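Student: Take a look at this one; I'll ask things after.
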Amino acid sequence: MLDVRDLNVFRGSTHVLKDVSFRVEEGELAALIGANGAGKSTTLLTLSGLLPPRSGTAVFTNDGEPLDLTRASSEKIVRAGLIQCPEGRQIFQSLSVSENLAMGAYTRRDRAGIKQSLEEVYELFPILAERANLHAGSLSGGEQMMLAIGRALLAQPRMLLLDEPSLGLAPLVVEKIFDVIARLKSTGVTIFLIEQNAAMALDIADVAYVMETGRIVLSGTGSELANNDRVRQSYLGVAA
Amino acid sequence: MSQYFFQQLINGFSLGSLYALVAIGFSMIYGIVRLINFAHGDVVMIGAFSTLALVTAGVPWPIILVFVLAVGAVAGMSIEMVVFRSIRGASQVTGFIATLAVSITIQNSALMLLSGQPRNFLFPAFMRQRVGVGGVNASLTDIAIIVLTLILIGGLFLIVYRTRLGTAMRATAENLTAARLMGVAVNRTVLAAFAIGSALAAVAGFFWGGKFGQIDPLLGFVPGLKAFVACVIGGVGSIGGAMMGGYILGLAEVLFVGLLPQEYSGYRDTFVFLLLIVILLVRPSGLFVRQVEERA
Amino acid sequence: MSTSHETPPVKLDARVTLPRSGFVAAILTVLIASAAVFAAQQGLSSYVVTLLALLFINAALAVSLTLTNGLTGLFSLGHPAFMTVGAYVAAILTFPVTRKGTMLPGLPEWLAATQLSILPALLIAGAAGGLLALFVGWAVLRLKGHYLAVATLGLIIVVQGLANNWDGITRGGAGLSGLPRLVDVWWAFGFLVLVVAFTWRLKFSSLGRSMMAVRENELAAQCSGINPARLKILAFVIGAVLAAVGGALLAHLVSVITPKTYSVLLAFNLVVMVVIGGSGSIFGALLAAAAITILSEALRPVEESVGLYGLSQVIVAVCLIIVLRLRPSGLFGSGEPGLVRRLYSGRRDA
């Protein structure tokens, strides 16, 4: 579904992504783990068309229709069903909860479909229905995360890019979020998950990649990596 | 005394309406690109001269109004595409200098095309007649300005708070990256903000000649600056605040002139900018420190 | 104590050139330039010589603006305000006593009876500009970026409003004309030399470095023991003093001052000189000031013959937009070109 090859991305004069290649198959949950500053978020911003790569390809294929992500506008990428739920949630604080969700459905025109998606999101996160008319900025961190995910769901993702969904949240909330991610996967949404919380990510991932200073240094199934010595030492905090 | 006071009040609301029209656009543009558009005042001038040209050509008034709105929108979009797009994300100071350069280009081009000679400009006689209730009377021009401005502002609020475009504009103003991730075509949204904001400024120009009787190519400079003052009063980036700031500034200015002895009336602009400096010092985020929700 | 604060040993071998060579080069340059000015005064028309004086004063003003806007990073557009104040103060002081009574009835008696020569008038004008800047700066320098820009623009309008309406002292909108023509090209030249020498010394002093530190990162500067508020006021006041003196000089060069002589347009043109030259680059400001003054003057006959007044201003504005797009940090950034720096600083690391 997503095929990334030899991607090189610069931010200013800094070479952030170096020959990055990976694949995500349809229906899969892939995880990308790595330390702060390894280039994980840069990878996602590039996939969403916000950063133009210097070289390499990234092709997103939905229903047999390939889309070259290195050339398409972010608008087109969203329309194709590749949706990002950005780092730090980035909900629109000054908009109401329901307006935030409406922004999620910005590219959609099917009123009935939007209404149905909205109901699904409210069912998934009943708290959002309760707070529909409040300013999103007044929500708690966990609620904002739910809103961010709900907003992404309203775009009807075929593939969801999740950037650090556990960041800054209480353990209970993190569990709830990961529950939701697992449920989404079971409904057939392909998921590409970025996490610093490597243990949880590897636990639910089908395949996983490890990124260090802009390069993919390891890959394998979730359990393979969870048992890899290097991963255990560096990311799972297990002494060698 | 109280009659005189009410009359000044109407006068102040009418002037305040013009400031509000300019300030709202100024604020919308600032809110979405985070840069001051110094050329915004010159759109007022463009609106005023378009009105004059159309009046001279004998076009009926309602059509002139629609046309002036369109001219303002086109002017705003051109400013965005020619200058703002290339400096998006630049520092405040770079933006300021660049738009000052645009402003000077527009002013001097207008000087070349139209000459610096002020032109007389009057609304038709029926607009200048005065209507009165209980000793308080106002010219139809002032009443038209006040009413039309309220209608336009109402329409603007509907667009900004009730439409998909408006929601996208507010979302883009708050977080450009996140808006792009929602699939918002940011360029088009920014363009829309420039178009709407500049159209309102052009309408201020539509009224300008009718209210002051004369127009010249440099008339936009002071309203542009005063729009900034109005925004500062109301909190920069807030539409509601800009509107309030415009009304407050208009009222304050008229009352300053109307209630103080004649010999101080020349100090009108001096007063406005002293007011600006004082407000910037005392309440730098505006008199109405509102929630971010007003931003658009 | 911990050793982590020790600075690494400074390499001294970069400064092999004689420390005084910069001074010698500067003196030589001034002498050569003086000879050129003398030659111009002898050989060229008085129009060209006046133009030269204008160029010198413009260049000095641009350089003085690099001090506030470039070195310290305060984006002030207030120069014309201080110039206006300086010009009026000096003009009132040098005005012949015989004409004061009729033209300026509002002057207090002691002022009406005073007539100074140009030098003390310039000094007092500078002091007046500095005082105003001290007062205004205390208020507006807390503002940043374009807030400061608009506040200082507002200051221009406030000062113009006062000049326009305070009839008894300023003669209102008509302004003061027929000022004694006390300034010639040598005054302008001397002013330019002083301003450049002063700004240069300041820029490469520890005070100048502190100012640049404030520009780059106020918080970091504060953490290394700099008081940003005081430095900003200092830079603002110095800039204002120089502007006031420049304004007074200009008024006595063209022998007229009106409330509109020094307008926002002038502020813009000065800023353009600084931006095109590179914010903080003295040499860049000099070069850009010369280029723009000559350009506007050269285009004047074109404007007059075609009737397109404002053409030169449009060209200047468009040039600026192009520079901002292609080379946002100006021609020379905030530094001086290598050759110039080596020549006058006598060392490479300046």
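Student: Exposure proxy check: C:Leu266, A:Leu82, B:Leu150 ranked by fewest other beta carbons within 10 Å?
Tutor: With the fewest neighbours first, C:Leu266, A:Leu82, B:Leu150 line up as B:Leu150, C:Leu266, A:Leu82.
Student: Can you spot the aspartates and glutamates whose alpha carbon is less than 17 Å from A:Lys115's alpha carbon? Ignore those fewer than 8 places along the same chain.
Tutor: Qualifying aspartates and glutamates at Cα under 17 Å: A:Glu99, A:Glu123, A:Glu130.
Student: As a footprinting exposure proxy, order C:Leu324, B:Leu18, C:Leu28 by other Cβ within 10 Å, with the fewest listed first.
Tutor: Values: C:Leu324 23, B:Leu18 26, C:Leu28 11.
Least crowded to most crowded, the residues run C:Leu28, C:Leu324, B:Leu18.
Student: Step through the residues of segment A:69-77 one at a time and calculate ³J(HN,Hα) from phi using the Karplus curve (6.51 cos²θ - 1.76 cosθ + 1.60, θ = phi - 60°), rounding each to whole Hz and writing x for Gly and Pro.
Tutor: Along segment A:69-77, the couplings run 5, 6, 10, 6, 6, 4, 4, 5, 5 Hz.
Student: Same structure again: Could you list which residues have their amide H under 5 Å from that of A:Ser96, counting only those 5 or more apart in sequence or on another chain, with H placed in the peptide plane?
Tutor: Those qualifying (amide H under 5 Å, at least 5 residues apart or on another chain) are A:Ala136.
Student: Moving on. Explain nothing, just the number: dipole magnitude of chain B about its Cα centre with +1 on each Lys and Arg Cβ and -1 on each Asp and Glu Cβ, in debye rounded to the nearest 20.
Tutor: Result for chain B is approximately 580 debye, rounded to the nearest 20.
Student: Pairs C:Lys144/C:Lys203; A:Lys76/A:Lys185; B:Lys211/C:Lys260; C:Lys100/C:Lys232; B:Lys211/C:Lys144; B:Lys226/C:Lys232: which are spaced more than 30 Å apart, C-alpha to C-alpha?
Tutor: Flagged as over cut-off: C:Lys100/C:Lys232; B:Lys211/C:Lys144.
Student: Please work out the FRET efficiency for the pair B:Ser2 and B:Leu287, using the Cβ-Cβ distance as r and a Förster radius of 41 Å; give the result to the nearest 0.05.
Tutor: It comes out at approximately 0.95.
Student: Moving to a separate point now. Taking other Cβ within 10 Å of each residue's Cβ, how do C:Lys144, A:Lys185 sort, fewest first?
Tutor: Least crowded to most crowded, the residues run C:Lys144, A:Lys185.
Student: Something else about it: At 222 nm, what helix-only mean residue ellipticity would chain B give, in deg cm²/dmol to the nearest 500, using -39500 (n - 2.57) for each DSSP H run of four or more?
Tutor: On the way: 12 runs with 212 residues, N = 296.
It lands at -24000 deg cm²/dmol.
Student: Please tell me the relative contact order of chain C in percent, rounded to the nearest whole number, where contacts are Cα pairs under 8 Å and at least six residues apart.
Tutor: Details: 518 pairs, mean separation 110.5, N = 350.
Relative contact order, chain C: 32 percent.
Student: Turning to a different aspect of this structure: Label points 7 Å out from Cα along the Cβ direction at A:Ser21 and A:Leu124: separation in nm?
Tutor: 3.3 nm
Student: Could you please report the charge total around B:Asn137, scoring K, R as +1 and D, E as -1 over all other residues with beta-carbon less than 14 angstrom from its beta-carbon?
Tutor: +1
Student: Before anything else, pin down the relative contact order of segment B:2-294: Cα pairs under 8 Å, at least 6 apart, normalised by residue count, whole percent.
Tutor: Values: 482 pairs, mean separation 111.0, N = 293.
For segment B:2-294, the relative contact order is 38 percent.
Student: Let me ask something additional. Only helical DSSP H runs with n ≥ 4 go in: add -39500 (n - 2.57) per run for chain C, normalise by residue count and round the 222 nm mean residue ellipticity to 500 deg cm²/dmol.
Tutor: Value at 222 nm, helices only, nearest 500: -23000 deg cm²/dmol.
Student: Quick one: which residues, 5+ away or cross-chain, put their amide H under 5 Å from the amide H of A:Ile216? H built at 1.01 Å from N.
Tutor: Hits under the 5 Å cutoff: A:Ser21.
Student: Would you work out if the protein assembly as shown is rounded, prolate or oblate? Take a ≥ b ≥ c from the square roots of the eigenvalues of the alpha-carbon gyration tensor; rounded if a/c is under 1.5, else prolate when a/b is larger than b/c, oblate otherwise.
Tutor: Numbers: a/c = 2.38, a/b = 1.40, b/c = 1.70.
Taking the square roots of the gyration eigenvalues as a ≥ b ≥ c, the protein assembly as shown is oblate.
Student: How much net charge surrounds A:Leu101 when only other residues with a Cβ under 12 Å from its Cβ are counted (Lys, Arg +1; Asp, Glu -1)?
Tutor: Residues near A:Leu101 contribute +1 overall.
Student: What percent do you get for the relative contact order of chain A when only Cα pairs under 8 Å and 6+ apart count?
Tutor: Dividing the mean separation by the residue count of chain A yields 26 percent.
Student: If you don't mind, another one. Compute the angle between helix C:118-140 and the longest alpha-carbon principal axis of chain C, please, reported from 0 to 90 degrees and rounded to the nearest 10.
Tutor: In chain C, helix C:118-140 runs at an angle near 60 degrees to the longest axis.
Student: What does the helix-only formula give at 222 nm for chain A: each DSSP H stretch with n ≥ 4 adding -39500 (n - 2.57), the total divided by the residues, and the result rounded to the nearest 500 deg cm²/dmol?
Tutor: For chain A, the value works out to -10500 deg cm²/dmol.
Student: Just to check I understand the Karplus step: with θ = phi - 60° and J = 6.51 cos²θ - 1.76 cosθ + 1.60, what whole-Hz values come out for segment C:179-191, glycine and proline as x?
Tutor: Result, rounded to whole Hz: 5, x, 7, 8, 10, 10, 4, 5, 4, 4, 4, x, 4.
Student: Let me ask another. I'd like the Karplus ³J(HN,Hα) series for segment B:257-269: coefficients 6.51, -1.76, 1.60, θ = phi - 60°, whole numbers in Hz, and an x wherever there's a Gly or Pro.
Tutor: 6, x, 9, 9, x, 3, 5, 8, 5, x, 8, 3, 5
Student: Could you point to the residue in A:Val231, A:Pro171, A:Gln84 farthest towards the positive end of segment A:2-234's charge dipole, with +1 and -1 charges on the Cβ of Lys/Arg and Asp/Glu respectively?
Tutor: A:Gln84
Student: Near the amide H of A:Asn62, under 5 Å away, which other amide H atoms are found, from residues 5 or more places off or on another chain, if H is placed in the peptide plane?
Tutor: A:Leu67
Each value in this text was obtained by applying a stated rule to the coordinates, not by laboratory testing. These numbers were taken from a predicted model, which means no experiment stands behind them. Glycine also receives a Cβ, built like all others from the backbone with ideal geometry; neighbour counts cover every protein chain displayed.
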